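Below is one structure, written out as structure tokens; the observations come after it.
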Amino acid sequence: GRYVETFAGSAAVLYAKERVGEEVLGDADPNVIFAHRYIQRLDKASFSVLKRFPWKVSRAGFKKVRESKPRSDAERFWKLVYGRACSWGGRPNLSGYSTLHDGNTYGLDELWRFQERLKGVRLVTQDWKKTLERCDSTDTLFFIDPPYIKEWGDLGGEISPEDIADGVRK
């Protein structure tokens, strides 16, 4: 069988479910796929670099991550993951600090479990409709959880239930 997520996001379902024959994570946001690919390719050296970054959620850390200009893949990964951990609603634009997780430390060691789970998973950066089209078969299970209308406010990219219905109708 084949399992496909057309809107990977955090890929929480993939990480929680049992492995099947072929698995595909797709997302139109290149940052989302970059983060999963970074984890997929994680090794001791890249993990060691990540450990040098601050992972405890704080207002000062949020200010630092917002102002950062990544010069390496490790810095880019830190900005994406830590930035969202500090942001209100996990918003990718880092629009505001959230006190919800203040003082919590991101569990960096969890990355090894995620890295193991991502072995063999195909990661694609493309529109969800293209992922549907390219992966459709009689033995494919799609998990479709888009950014719904008004879910991200002013960020755009929302998908209506009608768009999903039209997409899966084919």
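Of the residues Ala35, Ala85, Ala60, which is farther than 23 Å from Leu14 by Cβ, hydrophobic (A, V, I, L, M, F, W, C) and outside any loop (DSSP other than H, G, I, E, B)?
From the options Ala35, Ala85, Ala60, the qualifying one is Ala60.
Of all residues in segment 2-26, which are under 9 Å from Cys135 (Cβ atoms) and open to solvent by less than 10 Å² (accessible area, probe 1.4 Å)?
Within segment 2-26, Val4, Thr6, Val24, Gly26 qualify.
Taking the conditions exactly as written (over 18 Å from the mean Cα position of the chain (by Cα) and charged (D, E, K, R)), does Arg37 satisfy them or not?
Criteria not met by Arg37.
Which residue is surrounded by the most Cβ atoms within 10 Å (Cβ to Cβ), if the candidates are limited to segment 53-106 and must be among the polar types (S, T, N, Q) and in contact (Cβ under 8 Å) with a residue 24 or more places away in the chain?
Ser87
Does Lys119 satisfy being among the basic types (Lys, Arg) and open to solvent by 70 Å² or more (accessible area, probe 1.4 Å)?
Answer is yes for this residue.
Every residue in segment 117-160 that is modelled with pLDDT of 90 or more, within 24 Å of Gly21 (Cβ to Cβ) and in a loop (DSSP other than H, G, I, E, B), please.
Those that are modelled with pLDDT of 90 or more, within 24 Å of Gly21 (Cβ to Cβ) and in a loop (DSSP other than H, G, I, E, B): Leu118, Lys119, Gly120, Val121, Gln126, Asp136, Ser137, Thr138, Asp139, Ile144.
For segment 1-23, give me each residue that is under 20 Å from Pro147 (Cβ atoms), touching a strand residue (DSSP E or B) at 6+ places or on another chain (Cβ under 8 Å) and aromatic (Phe, Trp, Tyr).
The answer is Phe7, and nothing else.
The values are calculated or read from the model by the stated rules, or taken from the named source; none is laboratory data. Owing to the predicted nature of the structure, the values given are computational and were not obtained by experimental measurement. No Cβ is skipped: glycine too gets one built from the backbone with ideal geometry, and neighbour counts run over all protein chains shown. Side chains included, ligands, DNA and RNA excluded: accessible areas come from the protein's heavy atoms. Shrake-Rupley method; radii C 1.70, N 1.55, O 1.52, S 1.80 Å.
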